[in-house]
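Asks: I'd like to ask some things about the structure below.
A short reminder: the numbers here are calculations on the coordinates, not readings from a lab. In this text, all values refer to a predicted model and were calculated from it rather than measured experimentally. Ideal geometry is used to build each Cβ from the backbone, glycine not excepted, and the neighbour counts take in all protein chains shown.
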Amino acid sequence: MKDAFGLASVATGKHGPADTARWLGARYLAGIAVECYLKWAVCQTNGCDYVDEFDADLVGGQGHNLSRLLESARLGYRVRGRFAEDWRLIEGWSIHERYEPRSTNTVKLREAERFVSACGRLINWMESAVVG
């Protein structure tokens with residue numbers, strides 16, 4: 001998350017192509033961090049070492065589906081209640097964002113900062129809510 005915050009803050013007040021790349025990078029890294037924590041939560045909650053031990057479909061494309069991971073970790077009800085606004089931002093993330101042409105991606109600094117902050121709050125909560 002530190003890297004994601006760093007990328008978002010470097011671009012503050014700037015509007016060039018390199019800064020757009022930083023904003024996109026910050027959003028992408030924060031989404032990856034949430035994905036990793038959700039996979040950890042799936043393992044902790046279901047008593048397995050690897051997510052595919054719980055559900056083989058979570059290794060393929062569904063392994064990047066944050067909503068599917070959230071439900072597999074049995075955190076859906078709590079996250080959607082406690083972090084409703086944050087989750088609305090987070091659940092729209094896609095692993096494929098990094099492949100989208102920068103010219104068509106309109107991520108703005110404030111949007112990236114809000115997304116990264118939402119991811120940070122969720123991850124901080126998961127660290128204490130999911131017992132290892």
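Asks: Using DSSP to define loop residues, name the chymotrypsin sites (Phe, Trp or Tyr not before Pro) in the range 28-132 whose beta-carbon has at most 16 other beta-carbon atoms within 10 Å.
Replies: Working: sites: Tyr28, Tyr37, Trp40, Tyr50, Phe54, Tyr77, Phe83, Trp87, Trp93, Tyr99, Phe115, Trp125; in loops: Tyr50, Phe83, Trp93.
Answer by residue number: Tyr50.
Asks: Something else about it: Stretched out fully, how many nm does the piece from Asp55 to Arg74 gain, at 0.36 nm a residue minus the Cα gap?
Replies: Details: separation 19, 0.36 × 19 = 6.84 nm, distance 1.33 nm.
The Asp55-Arg74 span can extend by a further 5.5 nm.
Asks: How many nm separate the modelled label positions at Glu127 and Tyr99, each set 7 Å beyond the Cα in the direction of the Cβ?
Replies: 3.2 nm
Asks: Related question: As a test of understanding, state the convex hull volume per residue of the range 25-132 from its alpha carbons, in Å³. Before the final figure, lay out each step's value.
Replies: Details: hull volume 9.5 nm³, N = 108.
Dividing the Cα hull volume of the range 25-132 by its residues yields 88 Å³.
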